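Written below as structure tokens is the structure these notes are about.
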Amino acid sequence: SVHTTDAGRYQVAVTNSEGSASSIAVRLIVSPDPIASNLVVHITFDGNYDDSSGRNNNATPMGEPTLVTGKIGQAMKFTTTQDGSTIQYATLGYPDDLKFVDTVDFSVSFWANYTQSVDDPPFISNKNWASSGNPGWGIFTQDNGHYRVNTTGTGGTKYDLGSGSTPLVRDGTWHHIVLSHARGAIVSVYTDGVLTSTSPDLTTGSIDTDGLGYAVNIAQDGRGIYTDVGSAGITNALIDDVGIWRRAISAQEALAIYTAGQNGKDLSQAVVVTKVMLSVTASGNNLNITWPGSPTVKLQESRDVLPTSWTDVPGTLDASSASVAATNSAAFFRLAQ
């Protein structure tokens, strides 16, 4: 029998029947590390600019942005006028958690909704956006209503996903954007839960700009003054549920965050599930259990239908099979990381 439990897991109960051989195959869900693993900034904008990641990396509003109805709870509404008379944003400063130097993987996630912009004001950035060749990183609006992703290292090389390769997002509806940057490996960008682009990371050198006196800013570049010399502006744009991780998040996580948002839940409530096949064969006095092996997956056992704790089956971490003695009572098994 199969029982559902908390966190979207399935448990399988197998009862030996007088030693007769039988086999079953069911789909189990392997629960990965929580999506909040290595999450160092989570600004929901729900009544304040506080960080709910537990890292205390709170944002500070600049230029009097406002909190209004958002995608999930509230969002930050901001305007930057071309003449620079109004520049509204939120700054995260430059805490150690946001220093990625030349080797630390990182990811950025947020929801955005806007209709009025010219040129290329930032969604989020730490760099001087006067030139894409300046060191730092960011995600930026574009004059054609698409968006651009740029990461440039002090080595002079950069990752630059132009607006010709991203979907239209300036249409007055909410869109979810994710940058997942595995340093020296792969950069992936997702729009509304779907992979937009993936390519090798060719950036070299540090991408931090704290030494230049800049900050990580939401709705501005690292200086907090970007108008592209009077040509860039954005009016009454909305940004919500901003997350930053010190790791590259997966495609499944990007989709899970998007799906959670569509259901009115912030990224901390996103649930990632990976389905695998687990096969159980009863043979004599033993249960022979097999599954696709993984270095972080192990088999656990309990004799209770709703256990308060589980027991690791010895020798199953990074294995793909186990032989467990059968009894006349039900046994419950799960795969866990």
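The values are calculated or read from the model by the stated rules, or taken from the named source; none is laboratory data. Source: prediction; values computed, not measured. Cβ placement follows ideal geometry from the backbone for every residue including glycine, while neighbour counts extend to all protein chains displayed. Heavy atoms of the whole protein, side chains included, go into the accessibility calculation; ligands, DNA and RNA do not. Shrake-Rupley method; radii C 1.70, N 1.55, O 1.52, S 1.80 Å.
Quick one: grab the alpha carbon gyration tensor of the range 196-337, order the square roots of its eigenvalues as a ≥ b ≥ c, and give me rounded if a/c is under 1.5, else prolate or oblate depending on whether a/b is larger than b/c.
It comes out prolate by the Cα gyration axes.
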For Gln116 and Ala336, what is the calculated FRET efficiency with R₀ set at 45 Å and r taken between the beta-carbons, to the nearest 0.05? 0.40
Can you sort Arg334, Arg303 by solvent-accessible area, 1.4 Å probe, largest first? Arg303, Arg334
Net charge, Tyr94 excluded, C-beta distance under 11 Å - Lys, Arg +1, Asp, Glu -1: -3
Please compute the length gained on full extension between Ala130 and Val271, using 0.36 nm multiplied by the number of residues separating them and subtracting their Cα-Cα distance. 46.9 nm
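Calculated from DSSP H runs of 4 or more alone, at -39500 (n - 2.57) each and per residue, what is the 222 nm mean residue ellipticity of the chain, nearest 500? Please list the in-between numbers first.
Details: 1 runs with 12 residues, N = 337.
Value at 222 nm, helices only: -1000 deg cm²/dmol.
Note the full-extension length gain between Asn286 and Ala251 as 0.36 nm times their separation in residues minus their Cα-Cα distance, in nm to one decimal. Present the calculation step by step, with values, prior to reporting the outcome.
Values: separation 35, 0.36 × 35 = 12.60 nm, distance 3.84 nm.
Going from the current span to full extension adds 8.8 nm.
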Quick check: net charge around Asp266, other residues with Cβ under 15 Å of its Cβ, Lys/Arg +1 and Asp/Glu -1? -4
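Using only the heavy atoms of the protein chains and a 1.4 Å probe, how would Arg170, Arg55 rank by accessible area, largest first?
My answer, sorted largest first, is Arg55, Arg170.
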Would you mind computing, in nm to one decimal, how far apart the modelled labels at Ser323 and Arg303 are, each placed 7 Å from Cα along Cα→Cβ? 2.2 nm
Per-residue SASA entry for Val68, accessible area with 1.4 Å probe, Å² rounded to 10: 40 Å²
